[in-house]
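Novice: Pasting a structure here, questions to come.
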Amino acid sequence: MSGAKEIRTKIKSIQNTQKITKAMEMVAASKMRKAQDRMAANRPYARKMRSVIGHIASANVEYHHPYLTPRPDVKRVGYIVVSTDRGLCGGLNTNAFKAAVASMKTWSEQGVEIDVCTIGKKSAQFFGRIGSNIVAQVADLGDSPELAKLIGTIKVMLDAYDEGKLDRLYIVENEFVNTMTQTPSVTQLLPAEPDVDEKLQHHWDYIYEPDSKTVIDHTMTRYIESLVYQSVVENVACEMAARMLAMKSASDNAGDLINELQMVYNKARQAAITQEISEIVAGAAAV
Amino acid sequence: MATFQVDIVSAEAEIYSGEAEMVFASAEMGEVGIAPGHTPLMTRIKPGEVRVRTAEQSEDLSIYVSGGILEVQPYVVTILSDTALRVDEIDEAAAQKAKDEAEASLAGKSGEIDYSAVQAQLAEASAQLQLIKKLRK
């Protein structure tokens, strides 16, 4: 019965791993549902915000905000990279980083410098390792991210844009298509390209209190914050979906492995029995 | 009486959406009351009560918002509420914290980080910060 005991131990340990991956799969599934609800809760605000910005863009405003005015020459661009805090979620982060690096490469080939702002531990680790210029970072947002925790990092990037240090600002995020699919995307945040409302054409302006600059500045900041917040919330849903899938395939693989080992174990056991019988028979014949 | 659409939303939830006859809010420069057909207006609002007068109910609906933006279009009033109290100093502190975090990843023990590169970035980040401080003064 050589090796039978080892095989049994191995099966046992794989079974334990399978239990863990199954549990993680179920946890991720329930968290994903909550994350999707949060995504839905954020949608009305994002929609309203977009329409307000659209109104500002279509009004005949006295003050044109820098966030709405494209800058012709680009010297330095900023990237906000949204990632997860924890691993074991398949290729989610890797795909997003690939998209980010590809986009960064096209800029750096034109001699443009790049600043990175990381959200989530994984992107901080990755961009730290490749030696990017990380100007701000935030991590440990948890499963229900709060807008308040993001304000600081966003402000660092917006301030840099205000001062003219950055000429473009991008956000790298995962889009939640469905449970099976999450696609990474690189979206331009600044200068913003609002949806102009054709019905409200250029012959009116708001009354501003206290004045147009203060109010529009304030609104634009909130607009960018809401976009980043939305990406972060969406990324949580992506993370949970990706983890659920990864853990499901891990459980399946563990099942396959156990079946194979069980087969090997049975064969070993059978071989041992056969050998024993033949020994006995041979012994009896000799007598 | 004429009514108009009122939407009160925050980044984390939709607070109120419906028809109203009148909306009252404490804008930055004083209390405002918005009736249907109001001229386009945009203002920041202070943390406090927003009252919505609807046709169905005799009493005004009272909603607390922690500051935000009030936008008036002739047939729709939108209040984009903040999720928490926001003060410039706190924002500044948060920005500082985000930079410190980048700095702290240096002190972290994960040996995978290219220390010399991060050190250079750090110098630049602190230089930027000093400039921001100067510009703020």
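Novice: For region A:119-225, state what percent of all Cα-Cα pairs lands in each successive 5 Å bin, counting from 0 Å until the bin that includes the largest distance.
Specialist: P(r) for region A:119-225, in whole percents per bin: 2, 8, 13, 20, 20, 15, 10, 6, 4, 2, 0.
Novice: Something else: Can you figure out the FRET efficiency of residue B:16 with residue A:180, using R₀ = 41 Å and their beta-carbon distance, to the nearest 0.05?
Specialist: On the way: r = 36 Å, r/R0 = 0.88.
Efficiency, rounded to the nearest 0.05: 0.70.
Novice: By how many degrees, 0 to 90 and rounded to 10, does the Cα axis of helix A:4-58 deviate from the longest principal axis of chain A?
Specialist: Taking Cα atoms only, the helix is inclined about 10 degrees.
Novice: According to the Kirkwood expression over distinct Cα-Cα pairs, how big is the hydrodynamic radius of region A:14-81, in Å? Working shown, then result.
Specialist: Details: mean 1/r = 0.0589 Å⁻¹.
This gives a value of 17.0 Å.
Novice: A further question on this structure: What average count of beta carbons from other chains do you get within 10 Å of the Cβ of residues in A:41-54?
Specialist: Details: counts 6, 6, 2, 9, 13, 2, 3, 11, 6, 0, 5, 6, 0, 0.
Counting other chains' Cβ atoms within 10 Å and averaging over A:41-54 gives 5.
Novice: So, in nm, how far is label residue A:47 from label residue B:24 when the simple model puts each one 7 Å beyond its Cα toward the Cβ?
Specialist: It works out to 3.0 nm between the two label points.
Novice: What is the mean number of Cβ atoms from other protein chains located within 10 Å of the Cβ atom of each residue in peptide A:150-162, rounded to a whole number? Intermediate values should be presented prior to the final figure.
Specialist: On the way: counts 3, 10, 12, 7, 4, 9, 11, 2, 2, 9, 3, 0, 2.
Shielding by partners across A:150-162 averages 6.
Novice: Using alpha-carbon positions, what is the distance between the centroids of region A:35-113 and region A:144-217, in Å?
Specialist: So the two Cα centres are separated by 7 Å.
Novice: Oh, and also: Report the calculated FRET efficiency for residue A:211 and residue A:27 (r = Cβ-Cβ distance, R0 = 41 Å), to the nearest 0.05.
Specialist: 0.20
Novice: So what's the protein assembly as shown giving for Rg/Rh, alpha carbon basis, Kirkwood Rh from the mean inverse pair distance?
Specialist: Taking Rg over the Kirkwood Rh, I get 1.16.
Novice: Separation of region B:34-75 and region A:229-273 by C-alpha centroid, Å?
Specialist: That distance is 54 Å.
Novice: Any of A:12/A:267; A:34/A:121; A:5/A:267; B:46/B:99; A:122/B:97; A:122/A:149 with alpha carbons more than 24 Å apart? Name them for me. Working shown, then result.
Specialist: Numbers: A:12/A:267 18 Å; A:34/A:121 22 Å; A:5/A:267 13 Å; B:46/B:99 29 Å; A:122/B:97 19 Å; A:122/A:149 17 Å.
Over 24 Å Cα-Cα: B:46/B:99.
Novice: What net charge is computed for the residues neighbouring residue A:45, neighbours being all others with C-beta under 11 Å from the C-beta of residue A:45, Lys and Arg scored +1, Asp and Glu -1? Provide the component values of the computation, followed by the final result.
Specialist: Values: positive: A:43, A:47, A:48, A:50, A:222; negative: A:225, B:7, B:12, B:14, B:82.
So the surrounding residues net to 0.
Novice: Please give the peptides B:59-68, A:151-160, B:7-16 ranked by average Cβ packing (other Cβ atoms within 10 Å per residue), highest first, as a rough proxy for protection.
Specialist: On the way: B:59-68: 16.0, A:151-160: 24.7, B:7-16: 20.2.
In decreasing order of mean packing, B:59-68, A:151-160, B:7-16 become A:151-160, B:7-16, B:59-68.
Novice: Compute the distance in nm between two label points, each set 7 Å from the Cα along the Cα-to-Cβ direction, one at residue B:62 and one at residue A:259.
Specialist: 6.6 nm
Novice: Once you have all Cα-Cα distances for region B:4-87, histogram them in 10 Å bins from zero and send the whole-percent values.
Specialist: Answer for region B:4-87: a P(r) of 19, 57, 22, 1 percent.
Novice: Now a separate question. Take peptide A:207-220, look around each residue's Cβ out to 10 angstrom, count Cβ atoms belonging to other protein chains, and average those counts.
Specialist: Numbers: counts 7, 6, 11, 5, 0, 1, 0, 3, 8, 1, 0, 8, 6, 0.
Per residue, the number of nearby Cβ atoms from other chains is 4 on average.
Novice: Over the alpha-carbon set of region A:1-143, divide Rg by the Kirkwood Rh and report the Rg/Rh ratio to two decimals. Write out the running numbers ahead of the final one.
Specialist: Working: Rg = 23.1 Å, Rh = 19.8 Å.
Taking Rh as the inverse mean 1/r over Cα pairs, Rg/Rh reads 1.17.
Computed from the coordinates by the stated procedures, all read-outs in this text should not be read as laboratory data. Predicted model only: the values in this text are computed from it and were never measured. No Cβ is skipped: glycine too gets one built from the backbone with ideal geometry, and neighbour counts run over all protein chains shown.
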